[in-house]
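Colleague: I'd like to ask some things about the structure below.
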Amino acid sequence: MKKGKFGKYGGQYIPETLMNELISLEKAYDYYKEDADFNTVLSQLLKNYAGRPSLLYYAAKMTEELGGAKIYLKREDLNHTGSHKINNVLGQTLLAKKMGKTRIIAETGAGQHGVAAATAAALLGLECEIFMGLEDTQRQALNVFRMELLGAKVNKVTSGTMTLKDAVNETMREWVSRAHDTHYVLGSVMGPHPFPTMVRDFQSIIGCEAREQILQAEGRLPAAIVACVGGGSNAMGIFYDFIEDTSVKLVGCEAAGLGIETGRHAATITKGKEGVFHGMKSYFCQDEHGQIAPVYSISAGLDYPGIGPEHAYLHHIGRAQYVPVTDEQAVSAFEYLARTEGIICAVESAHAVSYVRELAPSVDKEESIIICVSGRGDKDVAAIARYRGVDINE
Amino acid sequence: MSNIKHCFANGKAFIGFLTGGDPSLEKSEEFILEMVRGGADLVEIGVPFSDPIAEGPVIQAANIRALDAGSSVDKLFQLVRKVRRQTTVPIVFLTYLNPVYHYGYEEFFKTCRLAEVDGIIIPDLPYEEQGEVRPSALANEIDLISLVAPTSEDRIKEIAINASGFLYVVSSLGVTGVRKEITTDLPSLLQAVKAVSDIPAAVGFGINTPEQAAYISRLADGIIVGSAIVKIIEKHGNKAGRYLYEYVKNMKEAL
């Protein structure tokens, strides 16, 4: 396969001004990923700071209630900062320091990646600026304040639809202006090469651990692994170590918003077409002229019109399956997991929980299913209350 | 010699940019002709895109105005056909890759040829990725115009040697937009280009005033002005024609 490509997907579709920066980044990454000291420091941070390995929790009540396969939750919500985003951020921020950068910038949707980036910057002593769509700063006001507490500057993006896509646009524009001292900590398995590969590698610890943990618990591989997909970093992270195990079904849950027939969704594989945007060839929600379409989801983290190129490839070759899950289904799964297991998960992750509620009863009791609980749901409580029409006097 | 190279044959070239369909297709037609009357040697028509990541606020806003007014790739082909009845000035499209990918490369470049578009600039298609577009561009004799930036360094050689039409030299880091000062070492950048290729080199990004134009035209074969023109259109709307004529005339005289 050509460098930086997953089949025909991926690539480096980015302004010339950034090309040498991407080439330097690729070289630095190729060097440090094999560097013993770098890996020791990163492992220590993941263990002692982020709290890894994350638990693989057997959800006994959920299993019993659904009456099918045993359900395990990969608890990325228990990581420091409350989501899987810290895995990638620690890796990239360490790398940025090795490259001599003194400043990081990052986009954020729900705020989880922004909080993780601000955290790593505080820990490692780098300047940090976050770009967040104005609409998301309102949906996730608490996270804005968290980032500021951590010493980051939060730029509210008012262009376009004022959500994640526009935050990525603005962060790229900032990076084109100032790359000499600044690294762009991209938050998902997307963008130009080497980001999709590098972010996947940093996130693949999720799947490495899950594999060991499930083999220890069950003595066999799971029947299925289910994760939510926006750009797709938690999904790619947990899928990656299982790709060769074709008996393991890999399922990505896309945000169907108000329903895929309404046009108000972010179901990229289900409804999108191939295209080139944000540095990569992949699938995108777009109109009949190739203009990127406005997308919608209750979940700010899945509210993105594209998907990482490796997911496009896994879809293309039929190795992974991508299914739409609506706001209503996700909110109901959010409430279900809270009541059944006492776990308030991110509304993003609730998309995966919802699909497993449908899948599990039809899978044999001897089998298991792993859900990647990519993040915790504290940030979503107010939005869920609003969705249900509950006034909580915010 | 392609039509584009002709525009560099007589002195320094002035290249004017506008976003196609801002504020309307009819007005774009008039504005292009006014720029040509004012002395523009080549006209760049921006194909509006929902997410123009290389553009600053001025051209971003023009993209939104043009899309809201119903501009599209097909309508811009019609615009070029109309302009072609009135002038032989070289015309190039500036477009992000997705609308072209969506149109289909072969179909897009064939239509360019039929409409007599001379070249295409794709800011999110660096040299390494040009391979998928190049065969269709070549087959239809459309110049695929490459960019070099102040950060290109060792990449300049390969890009310049393989360039067609002209070379778009990006004057500054960052996105498009009017700049008071251009801080890049342009003499060195252009020297690096000229050392490896005799392709005409035009400098763009940030150029606004006749003084800047005069300075850069001593170093390069032409200048590209975008945001300053789009600002005039933003300010004067439907009445921008005569202001564009005067602006271009002043700038051309400064070269």
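Colleague: Restricting attention to the stretch B:135-145, and to residues there that are out of contact with any Leu (no Cβ under 6 Å at 6 or more places or on another chain) and of a type outside the set (Asp, Glu), which single residue is nearest to B:HIS102 (Cα to Cα)? Quick ask: steps written out before the conclusion?
Modeller: Filtering the stretch B:135-145 for residues out of contact with any Leu (no Cβ under 6 Å at 6 or more places or on another chain) gives B:135-136, B:138-145.
Going one step further and asking which of them are of a type outside the set (Asp, Glu), we end up with B:135-136, B:138-140, B:142, B:144-145.
Working: B:PRO135: 17, B:SER136: 14, B:LEU138: 19, B:ALA139: 19, B:ASN140: 18, B:ILE142: 18, B:LEU144: 18, B:ILE145: 20 Å.
Per the stated criteria, the residue is B:SER136.
Colleague: Still on this structure, I have one more. For the stretch A:207-216, does any single residue satisfy the condition of being in a loop (DSSP other than H, G, I, E, B) and either farther than 12 Å from A:ILE370 by Cα or in contact (Cβ under 8 Å) with a residue 40 or more places away in the chain (or both)?
Modeller: Residues of the stretch A:207-216 that are in a loop (DSSP other than H, G, I, E, B), as a first pass: none.
Within the stretch A:207-216, not a single residue is in a loop (DSSP other than H, G, I, E, B) and either farther than 12 Å from A:ILE370 by Cα or in contact (Cβ under 8 Å) with a residue 40 or more places away in the chain (or both).
Colleague: Follow-up. Would you call A:ALA360 touching a Ser or Thr at 6+ places or on another chain (Cβ under 8 Å) and over 21 Å from A:GLY109 (Cβ atoms)?
Modeller: Details: touching a Ser or Thr at 6+ places or on another chain (Cβ under 8 Å): yes; over 21 Å from A:GLY109 (Cβ atoms): yes.
Judged against the criteria, A:ALA360 is a match.
Colleague: Let me ask something additional. In the list A:GLU26, A:GLU34, A:GLU16, which residue meets the criterion of being among the charged types (D, E, K, R) and surrounded by 22 or more Cβ atoms within 10 Å (Cβ to Cβ)? Full working, then the answer.
Modeller: Values: A:GLU26 fails: surrounded by 22 or more Cβ atoms within 10 Å (Cβ to Cβ); A:GLU34 fails: surrounded by 22 or more Cβ atoms within 10 Å (Cβ to Cβ).
Checking each option against the conditions leaves just A:GLU16.
Colleague: Output the residue which, of all residues in the stretch B:73-100 that are within 13 Å of another protein chain (Cβ to nearest Cβ) and in a loop (DSSP other than H, G, I, E, B), is nearest to B:SER28 (Cα to Cα).
Modeller: So the first thing to find is which residues in the stretch B:73-100 are within 13 Å of another protein chain (Cβ to nearest Cβ), and the list is B:73-77, B:94-100.
Now restrict to residues that are in a loop (DSSP other than H, G, I, E, B): B:95-96.
Numbers: B:THR95: 16, B:TYR96: 19 Å.
Applying the filter and picking the extreme gives B:THR95.
Colleague: Somewhere in the stretch A:383-392, is a residue touching a Lys or Arg at 6+ places or on another chain (Cβ under 9 Å), open to solvent by less than 30 Å² (accessible area, probe 1.4 Å) and modelled with pLDDT under 95?
Modeller: Looking for residues that are touching a Lys or Arg at 6+ places or on another chain (Cβ under 9 Å), open to solvent by less than 30 Å² (accessible area, probe 1.4 Å) and modelled with pLDDT under 95, one finds at least one in the stretch A:383-392, hence yes.
Colleague: While we're looking at this one, here's another question. Please pick out the residue among B:GLU116, B:GLU107 that is over 20 Å from B:SER146 (Cα atoms) and charged (D, E, K, R).
Modeller: On the way: B:GLU116 fails: over 20 Å from B:SER146 (Cα atoms).
The match here is B:GLU107.
Results for (1) surrounded by fewer than 22 Cβ atoms within 10 Å (Cβ to Cβ); (2) of a type in the set (Val, Ile, Thr), shown as yes or no for each residue.
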position	(1), (2)
B:ARG155	yes, no
B:GLU158	yes, no
B:ALA163	no, no
B:VAL169	no, yes
B:VAL178	yes, yes
B:THR184	yes, yes
B:PRO187	yes, no
B:ILE207	no, yes
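Colleague: Of the conditions (1) in contact with a strand residue (DSSP E or B) (Cβ under 9 Å, 6 or more places away or on another chain); (2) within 12 Å of another protein chain (Cβ to nearest Cβ); (3) open to solvent by 20 Å² or more (accessible area, probe 1.4 Å); (4) not charged (D, E, K, R), A:HIS289 clears all except one; give me its number.
Modeller: Every listed condition holds for A:HIS289 apart from (1).
Colleague: Restricting to the stretch A:269-286, name every residue that is surrounded by fewer than 24 Cβ atoms within 10 Å (Cβ to Cβ), aliphatic (A, V, I, L, M) and within 14 Å of chain B (Cβ to nearest Cβ).
Modeller: none
Colleague: Turning to a different aspect of this structure: Within the stretch A:91-131, which residues are in a strand (DSSP E or B) and of a type outside the set (Phe, Trp, Tyr)? Don't jump to the end; show me each part of the working.
Modeller: Initial filter on the stretch A:91-131 (in a strand (DSSP E or B)): A:103-108, A:127-131.
Of everything in the stretch A:91-131, those that are in a strand (DSSP E or B) and of a type outside the set (Phe, Trp, Tyr) turn out to be A:ARG103, A:ILE104, A:ILE105, A:ALA106, A:GLU107, A:THR108, A:GLU127, A:CYS128, A:GLU129, A:ILE130.
Colleague: Sticking with this structure for a sec: Which residue, of A:THR171, A:THR161, A:THR182, is open to solvent by 10 Å² or more (accessible area, probe 1.4 Å), among the β-branched types (Val, Ile, Thr) and more than 14 Å from the chain's Cα centre (by Cα)? Full working, then the answer.
Modeller: On the way: A:THR171 fails: open to solvent by 10 Å² or more (accessible area, probe 1.4 Å); A:THR182 fails: open to solvent by 10 Å² or more (accessible area, probe 1.4 Å).
One residue alone meets the criteria, A:THR161.
Colleague: May I ask you to list the residues in the stretch B:96-136 that are open to solvent by less than 10 Å² (accessible area, probe 1.4 Å) and hydroxyl-bearing (Ser, Thr, Tyr)?
Modeller: B:TYR96
Colleague: Next up: Testing B:PHE8 on (1) hydrophobic (A, V, I, L, M, F, W, C); (2) surrounded by fewer than 24 Cβ atoms within 10 Å (Cβ to Cβ); (3) at pLDDT 95 or above, one condition comes back false. Which one is that?
Modeller: (3)
Colleague: So which strands (runs of 3 or more DSSP E) are wholly in the stretch A:1-89 and hold at least 2 residues that are in contact with a Leu (Cβ under 6 Å, 6 or more places away or on another chain) and away from chain B (no Cβ under 14 Å)?
Modeller: Output list reads A:70-75.
Colleague: Quick test for you: out of B:PRO48, B:PRO52, B:PRO57, pick the one residue that is within 13 Å of another protein chain (Cβ to nearest Cβ), closer than 21 Å to B:GLU234 by Cα and in contact with a Leu (Cβ under 9 Å, 6 or more places away or on another chain). Break it down into steps so the answer makes sense when it comes.
Modeller: Numbers: B:PRO52 fails: in contact with a Leu (Cβ under 9 Å, 6 or more places away or on another chain); B:PRO57 fails: in contact with a Leu (Cβ under 9 Å, 6 or more places away or on another chain).
That would be B:PRO48, the only listed residue that is within 13 Å of another protein chain (Cβ to nearest Cβ), closer than 21 Å to B:GLU234 by Cα and in contact with a Leu (Cβ under 9 Å, 6 or more places away or on another chain).
Condition check ((1) of a type in the set (Val, Ile, Thr); (2) outside the structural domain of A:ALA227 (by TED's automatic domain parsing); (3) at pLDDT below 95; (4) farther than 21 Å from A:SER349 by Cβ) across all residues:
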| residue | (1), (2), (3), (4) |
| --- | --- |
| A:ASP77 | no, no, no, no |
| A:LEU90 | no, yes, no, no |
| A:LYS97 | no, yes, no, yes |
| A:GLY100 | no, yes, no, yes |
| A:ILE104 | yes, yes, no, yes |
| A:GLU129 | no, yes, no, yes |
| A:MET132 | no, yes, no, no |
| A:ASP136 | no, yes, yes, no |
| A:ASN155 | no, yes, no, yes |
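Colleague: Another question, then. So which residues in the stretch A:128-154 are in contact with a helix residue (DSSP H, G or I) (Cβ under 7 Å, 6 or more places away or on another chain) and within 25 Å of A:LEU18 (Cα to Cα), if there are any at all?
Modeller: Hits for the stretch A:128-154 are A:CYS128, A:ILE130, A:PHE131, A:MET132, A:GLY133, A:ALA152, A:VAL154.
Colleague: Residue check, A:ALA60 against (1) open to solvent by 10 Å² or more (accessible area, probe 1.4 Å); (2) aliphatic (A, V, I, L, M); (3) free of Cβ contacts under 8 Å to residues at least 60 places away in the same chain; (4) not assigned by TED's automatic domain parsing to the domain that holds A:GLU274, all met but one. Which one?
Modeller: Among (1) open to solvent by 10 Å² or more (accessible area, probe 1.4 Å); (2) aliphatic (A, V, I, L, M); (3) free of Cβ contacts under 8 Å to residues at least 60 places away in the same chain; (4) not assigned by TED's automatic domain parsing to the domain that holds A:GLU274, A:ALA60 violates only (4).
Colleague: Taking only the stretch A:72-113 into account, find how many residues are open to solvent by 10 Å² or more (accessible area, probe 1.4 Å) and of a type in the set (S, T, N, Q).
Modeller: Qualifying residue count for the region: 3.
Conditions tested, residue by residue: (1) over 14 Å from A:GLU254 (Cα atoms); (2) open to solvent by 30 Å² or more (accessible area, probe 1.4 Å); (3) of a type in the set (A, V, I, L, M); (4) within 18 Å of the chain's Cα centre (by Cα).
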{"position": "A:VAL295", "(1), (2), (3), (4)": "no, no, yes, yes"}
{"position": "A:HIS316", "(1), (2), (3), (4)": "yes, yes, no, no"}
{"position": "A:PRO324", "(1), (2), (3), (4)": "no, yes, no, yes"}
{"position": "A:ASP327", "(1), (2), (3), (4)": "no, no, no, yes"}
{"position": "A:PHE334", "(1), (2), (3), (4)": "yes, no, no, yes"}
{"position": "A:LEU337", "(1), (2), (3), (4)": "yes, no, yes, no"}
{"position": "A:CYS345", "(1), (2), (3), (4)": "yes, no, no, yes"}
{"position": "A:HIS351", "(1), (2), (3), (4)": "no, no, no, yes"}
{"position": "A:ASP364", "(1), (2), (3), (4)": "yes, yes, no, no"}
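Colleague: Looking at (1) more than 20 Å from B:LEU18 (Cα to Cα); (2) within 14 Å of another protein chain (Cβ to nearest Cβ); (3) surrounded by 17 or more Cβ atoms within 10 Å (Cβ to Cβ), which one does B:PRO200 not meet, given that it meets all the others?
Modeller: Of (1) more than 20 Å from B:LEU18 (Cα to Cα); (2) within 14 Å of another protein chain (Cβ to nearest Cβ); (3) surrounded by 17 or more Cβ atoms within 10 Å (Cβ to Cβ), only one is false for B:PRO200: (2).
Colleague: Just for the stretch B:60-72: of the residues that are in contact (Cβ under 8 Å) with a residue 24 or more places away in the chain and within 16 Å of the chain's Cα centre (by Cα), which one is nearest to the other protein chains (Cβ to nearest Cβ)?
Modeller: Applying the filter and picking the extreme gives B:ASN63.
Colleague: Also: For A:GLY308, state whether it is more than 20 Å from the chain's Cα centre (by Cα) and open to solvent by less than 10 Å² (accessible area, probe 1.4 Å).
Modeller: Details: more than 20 Å from the chain's Cα centre (by Cα): no; open to solvent by less than 10 Å² (accessible area, probe 1.4 Å): yes.
The answer is no for A:GLY308.
The values are calculated or read from the model by the stated rules, or taken from the named source; none is laboratory data. All values reported here derive from a predicted model rather than from experimental measurement. Positions of Cβ are generated from backbone atoms using ideal geometry, with glycine treated the same way; all protein chains shown enter the neighbour counts. Heavy atoms of the whole protein, side chains included, go into the accessibility calculation; ligands, DNA and RNA do not. Shrake-Rupley method; radii C 1.70, N 1.55, O 1.52, S 1.80 Å.
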